[in-house]
Structure formats: C-alpha cells, structure tokens
1. Can Val126 be described as at pLDDT 85 or above and out of contact with any Cys (no Cβ under 7 Å at 6 or more places or on another chain)?
2. Restricting to the range 154-167, and then to whatever is buried (at least 16 other Cβ atoms within 10 Å of the Cβ) and within 26 Å of the chain's Cα centre (by Cα), can you tell me which residue is modelled with the highest pLDDT?
3. List every residue pair whose Cβ atoms sit under 6 Å apart, with the two residues 6 or more apart in sequence or on different chains, where the first one lies in the range 127-143 and is closer than 17 Å to Leu191 by Cβ and in the same structural domain as Ala193 (by TED's automatic domain parsing) and the second, anywhere, is surrounded by fewer than 24 Cβ atoms within 10 Å (Cβ to Cβ) and hydroxyl-bearing (Ser, Thr, Tyr).
4. Residues that are surrounded by 20 or more Cβ atoms within 10 Å (Cβ to Cβ) and among the polar types (S, T, N, Q): list the strands (runs of 3 or more DSSP E) wholly contained in the range 171-244 that include at least 2 such residues.
5. Give the range 297-333 a look and list any residue that's of a type outside the set (Val, Ile, Thr), part of a loop (DSSP other than H, G, I, E, B) and under 19 Å from Met219 (Cα atoms), or say none.
6. Of all residues in the range 49-70, how many are at pLDDT 85 or above and surrounded by 14 or more Cβ atoms within 10 Å (Cβ to Cβ)?
7. Have a look at Glu347, Glu286 and point out the one that is in the same structural domain as Asp212 (by TED's automatic domain parsing) and over 16 Å from the mean Cα position of the chain (by Cα).
8. Conditions first: (1) over 15 Å from the mean Cα position of the chain (by Cα); (2) part of a helix (DSSP H, G or I); (3) surrounded by fewer than 21 Cβ atoms within 10 Å (Cβ to Cβ). Trp256 passes all but one, so which condition is the exception?
Amino acid sequence: MDFSYASSFSLIFLAFCFSSLSTTATARGGERSSDFSGYLDHNLAYSTRKLSEDKQSATGVDVARGYMTNVELEKAVEQFGRRCSHISRFYSIGKSVEGVPLWVMEISDKPGQQEAEPAFKFIGNVHGDEPVGRELLLLLANWLCDNYMKNPLFFPLNDDLDSRQPETKAIMSWLKERRFTGSASLHGGALVANYPWDGSQDKRKQYYACPDDKAFRYMASVYSRSHFNMSLSKEFDGGITNGAFWYPIYGGMQDWNYIHAGCFELTLEISDVKWPNADELPVLWEFNRMSMLNLVASFVKTGIHGKTFSSDNGQPLPASITIKGINYTVKADGSFGDYHRMLAPGESYEVMVTMPGYQSKSTHILLEDEAMSVDFVLDPEDDLQMHLQPRSSCNDNHKLELLKIFGKIHLEIPLVAAFILAFLCFLLKRKPIVNLLKNRQLAGQKRPAAV
C-alpha cells in the first residue's frame with residue numbers, strides 16, 4: 001500500500017466492543033475451548049469496571065481507567081469517519097452476545113469497492129481483558145489518515161454452527177463476503193508474534209508446521225524485528241513462536257483463516273500486561289507502530305501478485321494457484337482474476353496454475369526481496385485437442401487442390417509430348433527434302449550444255 005500514490009490496497013480492521021468483565025480468559029485461546037467460539041471469548045478479568053459503563057464501579061481497582069468505554073469508542077470511530085471520509089468508511093458486521101455492535105473501519109482510496117488488490121485486516125479486543133489492541137487500532141487509523149499521500153511506506157475444526165457465539169458467526173459471514181490476503185489479531189498477556197499451526201495432530205506441545213511455515217515465520221519476523229523490543233525476548237527465540245510449540249489450542253481464529261478463508265493471519269501478543277496503565281498506551285503505540293505498518297506493507301512488497309486470463313476472450317479466470325512442494329491453494333478472484341500469494345523471499349519456486357476447462361501452466365521464479373508480478377494466460381482445452389487431432393477438412397482441401405493441379409499436368413503431358421515428337425519428325429523429314437530440291441536445281445543448270 002503506497003498512500004503517497006493513492007494505491008487502493010485495503011486496510012480493514014475490526015474493533016470489538018465487549019461489555020462483560022466477569023471471568024478470566026487466557027491470552028490466546030480464551031478458556032481453550034475446543035471450538036472456534038472459545039477463541040473469541042469476550043470476558044474480561046482483573047477489573048470491576050465494564051467497558052460499557054461510563055462511570056467507575058464503587059469497588060475494586062479501576063485498571064480500565066483511561067481506556068475508552070464502548071460508548072467512547074463508538075464516538076471516536078464516528079469522529080474518525082467524519083474526519084477521514086475520503087479514505088474510509090465504518091460499519092457493523094453484527095452484534096456481540098450482549099448486543100454490542102461489532103464495528104469495522106475500512107481504510108482505502110476507494111472505500112466500499114472491491115478491487116484487484118490485496119486486502120489486510122487487523123482485529124483487536126478479541127479477548128475482553130486485552131483492550132490494548134483496540135486502542136492501538138484507533139491510533140493506527142488516525143495515523144494513516146494524517147499521513148495519507150505523505151508517507152511512502154505503503155507500497156480439526158468445530159462444525160457445530162449452533163455452538164458458535166454471535167461474534168464468531170459475524171466474522172465468518174464477513175469473511176465469506178470479503179476476501180483478505182493477510183490478517184493479524186491483537187492480544188495481550190505476552191510479547192510475541194504467534195503463527196500457525198496453533199495445535200498439533202496428537203494434541204501434544206510440539207512444533208507443528210503448516211504448509212506455509214516459511215512464509216509465516218517471515219511475516220512474524222517482520223513484526224518482531226520492527227518492534228522496539230519483541231525480537232530481544234529471552235522466552236521466545238527472535239520474538240516469534242509456533243502456536244502448538246507454545247501451547248496447543250484448537251479452533252483458533254488464525255488457523256481457521258488459513259484453512260477456510262485463504263488468509264494468512266498472525267496472532268500478535270503486544271503487551272506482557274493485559275491491562276497496562278492507560279498512561280502507557282502512547283508508549284505501546286510507538287513500540288508497535290512500525291511493526292503494524294511493516295506487516296501490512298510486506299503483503300505488497302513481497303510474494304507474488306498477478307492475474308489469470310483466458311486466451312480466447314481475455315476474460316479474468318478464478319484459477320487456482322499452487323506452489324510445488326507446498327500443499328496450499330490460493331484462488332484468483334472471479335471478478336478481476338487477481339491473486340496475491342505470500343511467499344518467503346530468497347527462494348526458488350515453481351508456480352502452477354489450473355482451471356477446469358483450460359490447459360494448466362507453470363513457471364519457475366526466483367523470488368528476491370521485492371515482490372514479483374506473474375500473470376498467466378490460459379488456453380482452453382479445445383485448442384489442445386485441435387493441435388493433437390488431424391485437421392481433416394484442411395488436409396482434404398489441400399489434397400483436392402493438389403489433385404486438380406496434378407490432374408491438369410497429366411492431361412497436358414501427352415499433348416506436349418505429341419507436339420515435340422511431331423516437331424522432331426518434321427525436322428528429320430526436312431533434311432532429305434532439302435537435298436532433293438538441291439539436286440533438281442543443279443540438274444536444270446547443266447542442261448543448256450550438249451556434245
């Protein structure tokens with residue numbers, strides 16, 4: 001996303017507005033429920049004040065002091081929408097289990113329009129006791145608005161539908177309507193960039209790599225290295241971790257995004273303390289600002305991007321893009337034919353494209369530090385059949401023409417030969433006739449002399 005040139009890379013993020021503060025939730029997996037809804041557990045801990053209340057509770061320590069309540073957050077979002085309406089829009093994708101709107105803020109040079117460009121989403125406050133994420137997202141939105149056209153940086157699963165919470169269903173429905181290339185969910189309670197898989201096959205704590213393990217490690221490292229001190233972690237090597245190696249959870253959102261939405265998502269733990277003093281928010285923003293921006297930019301500045309077309313009519317094709325040796329498929333968009341595939345740089349790849357009714361194609365690439373554009377023009381399978389089968393009609397026509405020509409030649413040969421023979425005979429007969437005429441002439445001349 002290059003806002004200096006008004007590129008329309010879409011940045012869309014969701015600020016959850018939760019209102020319960022009753023029970024404890026773990027940092028990454030809620031209460032480690034076996035379904036997806038556990039990952040979106042919304043209960044807050046360590047405080048007696050509800051974010052939906054405007055006044056402090058009479059008892060307990062007010063750790064939420066200085067944080068926006070749900071009402072304040074909604075007002076801030078509305079104010080942002082009015083101030084930056086030229087590059088943004090905000091809307092709700094549903095309501096939480098307590099009826100609180102789930103707000104989405106979209107930032108793009110063409111808000112509300114689907115385009116042939118990668119889209120990235122940030123999700124904050126998935127867990128109610130981790131409010132730093134939603135505060136930073138509003139700061140990020142305002143930073144993007146202030147720097148628009150100025151800054152050159154932006155170039156096994158639960159299938160029980162009834163058991164899913166409204167928040168979970170809302171996100172799933174949203175992702176069916178809107179295609180995202182990358183994503184990050186902001187959490188608290190640790191300082192690390194977490195990547196798939198979140199769980200192992202035998203449910204043991206162990207490193208369990210997904211097919212795009214190299215790409216995810218690259219993404220996590222982009223965030224960690226850009227952070228003020230995440231990469232200096234003594235607990236996590238380089239400030240990144242595989243989810244299953246840290247502690248296994250199942251039904252996590254980042255795994256679901258990767259499997260079902262074609263979206264590369266990280267889980268970002270951005271604060272060791274879930275409820276840091278609100279006075280520390282500006283510092284946390286500065287610690288995470290470049291990480292957030294660089295992570296979004298990495299989806300434009302690396303990997304491969306392109307379009308797939310039909311050779312017979314030039315129409316875009318919703319083709320499937322795969323990388324040899326990586327068991328994962330990315331689908332091109334049906335409207336524009338565009339695809340965006342995150343890959344770790346510094347590697348050689350064989351890119352293969354398939355589409356029912358068309359001939360498959362592949363190409364070898366060396367992906368360096370910069371992104372690469374790779375377009376594909378696919379030929380219909382009918383063209384291949386025409387090349388393989390003899391073209392009888394054309395051959396028959398050629399044969400017919402040749403027969404006509406040779407037939408004429410055969411007819412003309414006897415006539416020419418007869419003419420030649422007659423001419424030769426004429427020449428042969430002409431010689432004795434000439435001699436006879438000469439002899440007669442000589443005899444007439446001698447006749448005047450007598451003895």
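The values are calculated or read from the model by the stated rules, or taken from the named source; none is laboratory data. A quick note: this is a predicted structure, and the numbers were derived from the prediction, not measured. Quick reminder, even Gly has a Cβ in these numbers, built from the backbone with ideal geometry, and neighbours come from all protein chains shown.
1. No: the conditions fail for Val126.
2. So, considering only residues that are buried (at least 16 other Cβ atoms within 10 Å of the Cβ) and within 26 Å of the chain's Cα centre (by Cα), the one modelled with the highest pLDDT is Glu167.
3. Pro131/Tyr67
4. 182-187, 240-242
5. Answer for the range 297-333, where residues must be of a type outside the set (Val, Ile, Thr), part of a loop (DSSP other than H, G, I, E, B) and under 19 Å from Met219 (Cα atoms): just Gly303.
6. Going through the range 49-70 one residue at a time, the tally reaches 4.
7. Only one candidate qualifies: Glu286.
8. (3)
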